[in-house]
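First the structure, in the form of structure tokens, and then the observations on it.
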Amino acid sequence: MYCAAQRIGNLDFAVLLLKQVQDPQPFIWNTAIRGYELGHRSLKAIYLYHQMLHNLVSPDKFTFPFVLKACANIHALEEGKQIHCQVLKSPYKLDTFVQDAVILMYSKCGKMEDACLAFDLIPHKRLICWNMMIDGYIKHGDMISARNLFDHMPQRDIFSWNAMIDGYAKCEEIAAARRLFDEMPLTDVISWNSMVDGYVKCGDMVSARELFDQMSMKDVVTWGIMINGYAKSGHIEIAHSLFEKTPYKNLITWNSLIHGYVKCESLWSACKLFDLMPVRNSTSYNIMLDAYVKGGEMVMASHLFNTMPHKDIVAWNVMIDGYARDGNMGYSRELFNTLPNRDVISWNALISGYKQNGFLKEAMEVFYYMLESGEKSDCCTLATVLSVIADLGLFIQGKCIHAHVERNNYPVCGIIGVALIDMYSKCGYVGSALQFFNRIPQKMKDHWNSMISGVAIHGNGTLAVFLFEKMEQSNVEPDDITFVGILNACSHAGLVLEGQLYFELMNSMYSIIPTIQHYGCMVDLLSRSGNLDEAMQLVTSMPMRPNDVVWRALLGASTNHGNMEIAENAAKQLIELVPNDSSSYVLLSNIYVSRCQFESARSVWKLMKDRSVLKSPGCSSIELHGTVHEFRVGDTSHAEIAEIHLLLRIITQDLMVEEYVRNTRFLPVDKYL
């Protein structure tokens with residue numbers, strides 16, 4: 001009766017029957033444990049093993065392999081260690097199947113040192129033991145140890161060779177993989193597929209095609225590798241040609257080709273193929289959803305999403321991110337609230353969406369809600385939140401996140417480290433940023449860039465130059481972002497000659513073609529230092545059209561240096577480039593007022609009124625004791641506004657006593673209109 005219940009798949013009922021059996025033998029327990037392990041319910045299998053011990057039933061040589069495999073499946077290392085101790089105390093410690101299971105458990109749990117110790121204790125090692133050890137090393141990226149074992153094997157089978165070739169191919173050591181492939185006494189389709197896949201991963205489609213054409217037997221995997229390889233490398237026509245020739249048109253090949261068309265930005269072709277698919281799975285729908293979202297086709301994305309027979313978490317996340325990209329945070333939040341089972345990507349999409357759309361406080365609120373919900377944040381979450389904190393200037397909250405990072409051992413060699421440097425710098429604590437930067441053991445290019453940019457915004461050009469030189473000495477190649485930082489630093493510090501030198505070195509030494517950002521930095525550098533004619537010459541000779549940032553830099557500097565002719569030209573260019581930005585109109589009208597050209601000033605304000613451009617009120621914020629206080633022109637809603645105004649009057653009087661003279665070059669234009 002028990003065996004019948006187990007065969008029909010009702011294991012829970014079988015275990016209930018087991019409890020009714022008087023003095024059940026290990027065989028019955030073993031059958032149940034193995035059933036749970038095969039049914040992907042490994043935790044239940046381990047629990048049943050402990051119940052077996054609790055009932056004073058001694059495990060046999062079959063029990064240990066079943067339960068150790070269950071531990072391996074779910075990486076239950078501590079339970080596996082306990083069972084290994086019980087093995088060592090049992091009469092079955094030298095049983096070959098038990099020893100194999102011990103090695104499998106340790107290797108799958110990532111403890112290759114313990115697996116090696118168990119392997120060394122086996123007096124007569126079977127071929128499967130060697131293969132399991134090699135496979136374990138390969139899966140953990142240790143090709144040196146894997147090759148050492150492979151070279152010492154007394155005999156090898158096709159699995160040994162294929163495992164090594166596949167390992168080398170996945171590590172992109174394609175030359176080593178090819179040498180082994182050529183040495184193989186006997187190959188099969190798996191050997192060929194591993195080599196073809198290796199060439200595809202290395203981007204060598206010529207060698208991959210050469211092997212593909214030599215293959216006497218190709219299976220569905222072979223065709224899928226080639227179609228996917230051509231599609232991902234942008235050779236969509238060849239991919240489609242192979243797709244038409246393959247005798248194996250399955251979901252993998254269909255999805256690979258559709259994804260290839262999406263990558264080549266041929267949305268219409270992708271749609272056409274999608275409509276022709278005989279059968280679709282979640283991946284098919286998600287590829288098209290992602291394509292619509294990234295193509296800005298949210299109406300089509302919404303229609304497809306609503307017609308999906310089964311919406312997985314990926315589909316929900318794509319739509320949440322899509323509406324956020326489209327600037328529609330209302331729909332994005334509504335979908336997020338409707339989502340039945342959220343994952344960390346769902347939270348990240350919403351937090352990132354709020355940040356990208358300027359809703360910084362809402363982004364922080366969602367993050368706190370995430371913590372309250374018990375969802376564990378990942379590196380992307382913390383990097384985004386730190387960026388929000390940097391923009392808000394919330395230094396204390398930034399320190400709390402830093403402490404959270406250290407308590408939970410998040411890696412700082414990646415995006416979190418970059419975000420922490422940026423946060424400290426933007427909050428005004430460049431010293432703390434430097435201290436943290438110096439503690440990072442493996443500094444990537446992004447860390448150097450963030451630190452150089454951090455000292456740049458605080459005007460410390462000498463330190464930025466020093467960091468740039470240290471970066472070069474560390475054999476870290478600078479990129480275009482590095483030069484934006486160093487040129488910006490030179491601009492803020494007035495290091496004109498140094499800035500001009502770095503601008504020249506970009507192309508001559510590092511083969512980096514200057515972009516609009518680099519030209520903007522150079523215009524700012526020359527303008528700030530008073531070289532306005534040289535700055536204007538650079539603007540007119542740029543290989544691309546100057547953007548608003550370039551003209552704004554020229555406008556600000558020419559205004560400060562009293563060159564109203566250049567300032568007027570820059571302001572007019574700004575109005576043409578960004579007609580909805582009120583600051584350009586205000587600055588131009590102020591220029592006219594300073595020159596007593598009141599009619600021209602009135603015409604600017606009339607143009608602004610005709611275009612329905614509203615003047616944005618000035619805004620500033622300050623953090624005090626962990627709270628951000630925001631002030632806008634004309635706003636008296638702050639709880640302590642009376643005390644603030646009183647203190648401002650006292651400060652103003654003290655400044656007048658010290659003979660401070662305010663800049664009256666530009667008076668409010670309203671006085672004259």
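Read the figures in this text as sums done on the coordinates, not as results from a lab. Only a predicted model underlies this, so the values are computations on that prediction, with no experimental measurement involved. Cβ atoms come from the backbone with ideal geometry, glycine included; neighbour counts cover every protein chain shown.
Structure values in brief
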{"quantity": "Nearby aspartates and glutamates by direct alpha-carbon distance to Lys81 (threshold 16 angstrom, same-chain neighbours under 8 apart not counted)", "calculated": "Asp100, Glu113, Asp114"}
{"quantity": "Semi-axis lengths (Å, descending) of the ellipsoid that matches the C-alpha gyration tensor of region 101-149", "calculated": "15, 12, 9"}
{"quantity": "For Leu121, Leu587, order by how many other beta-carbon atoms lie within 10 Å, fewest first", "calculated": "Leu121, Leu587"}
{"quantity": "22 Å Cα-Cα threshold exceeded, pairs from Lys44/Lys108; Lys399/Lys470; Lys44/Lys125", "calculated": "Lys399/Lys470; Lys44/Lys125"}
{"quantity": "Ellipsoid equivalent to region 381-510 - semi-axes via the Cα gyration tensor, in Å", "calculated": "27, 16, 11"}
{"quantity": "Mean residue ellipticity (222 nm) of the chain, computed from DSSP H runs ≥ 4 via -39,500 (n - 2.57), nearest 500", "calculated": "-21500 deg cm²/dmol"}
{"quantity": "Shape metrics for region 467-580, restricted to C-alpha atoms - Rg then Dmax, Å", "calculated": "14.7, 47"}
{"quantity": "Ordering of 246-253, 260-267 by packing [mean C-beta count within 10 Å, highest first]", "calculated": "260-267, 246-253"}
{"quantity": "Shape call, region 164-256: gyration tensor on alpha carbons, a/c limit 1.5", "calculated": "prolate"}
{"quantity": "Calculated from backbone phi, Karplus (6.51, -1.76, 1.60) coupling profile of region 205-219 in Hz, x at Gly/Pro", "calculated": "6, 5, 5, 4, 5, 4, 5, 4, 5, 7, 5, 7, 10, 10, 10"}
{"quantity": "Ranked packing of 510-521, 175-186, 642-653, most packed first, by mean Cβ within 10 Å", "calculated": "510-521, 175-186, 642-653"}
{"quantity": "Binned Cα-Cα distances of region 311-354, short to long, each 5 Å bin given as a whole percent", "calculated": "5, 30, 41, 19, 5"}
{"quantity": "All lysines inside 19 Å of Lys249 as judged from Cα atoms, apart from same-chain residues fewer than 8 positions distant", "calculated": "Lys218, Lys232, Lys272"}
{"quantity": "Approximate shape of the chain as ellipsoid semi-axes (Cα gyration tensor, √5λ), whole Å, largest first", "calculated": "62, 32, 28"}
{"quantity": "Ascending count of other beta-carbon atoms within 10 Å, so fewest first, for Cys413, Cys116, Cys109", "calculated": "Cys413, Cys116, Cys109"}
{"quantity": "Top positive-direction residue, dipole computed over the chain with Cβ charges, set Tyr368, Ala489, Leu587", "calculated": "Tyr368"}
{"quantity": "Cα centre as origin, Lys/Arg/Asp/Glu Cβ charges: the chain dipole, Debye", "calculated": "1260"}
{"quantity": "Three-way shape label, region 353-426, alpha-carbon gyration tensor, a/c 1.5", "calculated": "oblate"}
{"quantity": "Residue among Leu56, Leu463, Val418 farthest towards the positive dipole end of the chain, charges placed on Cβ", "calculated": "Leu56"}
{"quantity": "Neighbour net charge for Glu406 - beta-carbon separation under 15 angstrom, K R +1, D E -1", "calculated": "+3"}
